[in-house]
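Down below is the structure, laid out as structure tokens.
Each reported figure results from applying straightforward, stated rules to the coordinates on display, with no laboratory input. Small disclaimer: the values here were computed from a predicted structure and weren't measured. Cβ sites come from the backbone with ideal geometry, for glycine too, and all protein chains shown count toward neighbours.
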């Protein structure tokens, strides 16, 4: 007669299956929300995040936008190419250092992002707002920890929520202030 594995293994397997199912639901909900957002305002969630980054950071470099949106520089460049082609952003070379390219929203881009919904969606934001502060904080910390667990070959021990001083540092043009180095991150 075959021996049955310990209950602990069955419990872990059950937990991982529940987690995988929850992740699939999150990915699907994100895709559905992104498509709805694209229909409503013409921007995907990723495009909206990049545009909000430009709005919040001001005239900004691709590297700073990449750090802000937590997207690879190549992905940000592709998004910026599309947005520039549509007249939503414009890029220009720095007067001080011609190697540096800055990005800013056009008037059309400012109007578009002002009317764009948040990428999470109004229903999700309302549900999030209904949680008490402790519940919101625990949910955010758990989501960050899950992202850290799921990141392939992650070199970062944890991802921190952007603090106002970090945003100020990204806005800074001081030579010593640089966003995180993402060149060593593994691909997915």
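With each label modelled as a point 7 angstrom along the Cα→C-beta vector, the residue 19-residue 145 pair spans 1.0 nm. The orientation-averaged shadow of the Cα convex hull for region 25-120, equal to a quarter of the hull surface, comes to 6.1 nm². Sorting the Cα pairs of region 14-76 by distance into bins of 5 Å, from 0 upward, gives 4, 18, 18, 17, 17, 12, 9, 4, 1, 0 percent per bin. The order of the peptides 77-90, 31-44, 123-136 by mean Cβ neighbours within 10 Å, most packed first, is 77-90, 31-44, 123-136.
Between residue 98 and residue 59, the C-beta separation translates, for a Förster distance of 22 Å, into a calculated FRET efficiency of about 0.90.
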